[in-house]
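First up is the structure itself, then whatever we jot down about it.
Any read-out appearing in this document is the output of simple, stated calculations on the displayed coordinates, not a laboratory observation. Treat the numbers as computed from the prediction; the structure is a model and nothing was measured. Neighbour counts run over all protein chains shown; Cβ positions are idealised from the backbone, glycine included.
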Amino acid sequence: MNNHVTTHQAEEDTRNNAISIYVNGEIVPKNEARISVYDSGFMLGDGIWEGLRLYNGTWAFLDEHMDRLYEAAMAIDLDIGMDRTSLIQALEDTRNANNMITDAHARLMITRGVKKRPFQHPSLSQSGPTIVIIVEHSKPKIPRPINLATVPHLRGLPMTQDPKLNSHSKLNCVLACIAAEKAGADEGLMLDVNGFVNTTNACNFFIVRKGAVWTSTGDYCMNGITRRKVIELCQTNDIPIYERNYSLVDTYGADEAFLTGTFGAQTPVGTIDCRQIGTGEFGPITLRIRELYKALIEQEAKQ
């Protein structure tokens, strides 16, 4: 589509051409970072990941990200092979190898490792996990509000693929993104199994109606750390916040809508299914939440 925008759009930074990447205990130049074609993540999407933002030398909400990562590893019966302290040190070593202080984004990925044969059974992965850490210079540059299109792809049930799990298996979200792009939008708005509004293919979703903030019940959405922080900020700053079931009818009539995620923090939504939401720009509640979140990040970076 023309003028396509994504929620992970960043300023071009030529320094990323020469970054170093952590691969299984070694920090190597970008063009030398390799994993096996037999790796479980490549073959099956059998792995977990975390995305983290660096602000003034501090990884924002690092403990929460590590909690989520190790909980996910337990859920899929994956032995990371490193304790939290060692994994955080690997993250810091990668950051320091790239001389990064702020405006950086890390993708920490762990798979079940290299398989003996190209089939799915976990017992075929006998060499231990594959751990890769990519840290890039990354400053969000989203030139306009995001436009959404409702897509047929759902956030599923916990017994199929729990949406709370940050897994490498993201095909349903990729297909949702493709469907949205085919419809002329930037991202796909995904419903839950009951037909209620849930998330986009990449971010959690909020609307504002008559001064109150609404988001999904949380039963089928991503276990978003930024989402949780926004809910807490509303609760502690006298902004009415509701985790509830709501429909597309409620959404189309919203005064504001915005997305949350580690990369973009809070991103305004301009249109949904070609219907303008509010003014189509940042609304006053979204701006207030954004300022509160910025203050929270500054406080986090001082600790």
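General remarks:
- Relative to the longest principal axis of the Cα atoms of the chain, the long axis of helix 84-97 makes an angle of roughly 90 degrees.
- Beta bridges assigned by DSSP with both partners in the chain are antiparallel in approximately 85 percent of cases.
- In range of the label at Ser86: residues from segment 7-28 whose backbone nitrogen is under 14 Å from the point 7 Å along Cα→Cβ: 24-26
- Residues with amide H under 5 Å from that of Ala10, placed H, sequence gap 5 or more: Lys141
- Within straight-line cross-link reach of Lys115, aspartates and glutamates at Cα separation under 12 Å, skipping those fewer than 8 residues along the same chain: Asp39, Asp46
- With a simple spin-label model that places each label point 7 Å from the Cα along the Cα-to-Cβ direction, the separation between Lys302 and Glu243 comes to 2.9 nm.
- Note on Lys141, Lys30: ascending count of other Cβ atoms within 10 Å places them as Lys141, Lys30, the fewest first.
- Close amide H pairs (under 5 Å, H built 1.01 Å from N) link Ala104 with Leu54, Ser138, residues at least 5 positions away or on another chain.
- Using the rule -39500 (n - 2.57) for each DSSP H run of four or more residues, divided by the residues of the chain, the 222 nm mean residue ellipticity is -8500 deg cm²/dmol.
- For the residue pairs Lys30/Lys170; Lys141/Lys294; Lys30/Lys141; Lys139/Lys302, the alpha carbons lie more than 18 Å apart in Lys30/Lys170; Lys30/Lys141; Lys139/Lys302.
- Under the Karplus curve 6.51 cos²θ - 1.76 cosθ + 1.60, θ = phi - 60°, whole-Hz ³J(HN,Hα) for segment 243-258, x wherever Gly or Pro sits: 9, 8, 6, 8, 9, 4, 4, 4, 5, 4, x, 5, 7, 8, 8, 8
- Sorting Trp49, Trp59 by the number of Cβ atoms found within 10 Å of their own Cβ, with the fewest placed first, yields Trp49, Trp59.
- Look at Cys274, Cys173, Cys203 and count the other Cβ atoms within 10 Å of each Cβ; fewest to most, that gives Cys274, Cys173, Cys203.
- Whichever lysines have a C-alpha closer than 22 Å to that of Lys210, once near sequence neighbours (fewer than 8 apart) are set aside: Lys229
- Förster radius 45 Å - calculated FRET efficiency between Arg228 and Val37 (Cβ-Cβ, nearest 0.05): 0.75
- Divide the volume of the convex hull around the Cα atoms of the chain by the residue count and you get 134 Å³ per residue.
- Mean separation of Cα contacts under 8 Å, 6 or more apart, over the residue count of segment 14-137: relative contact order %: 37 percent
- Euclidean distance between Cα centres, segment 158-181 to segment 286-303, Å: 29 Å
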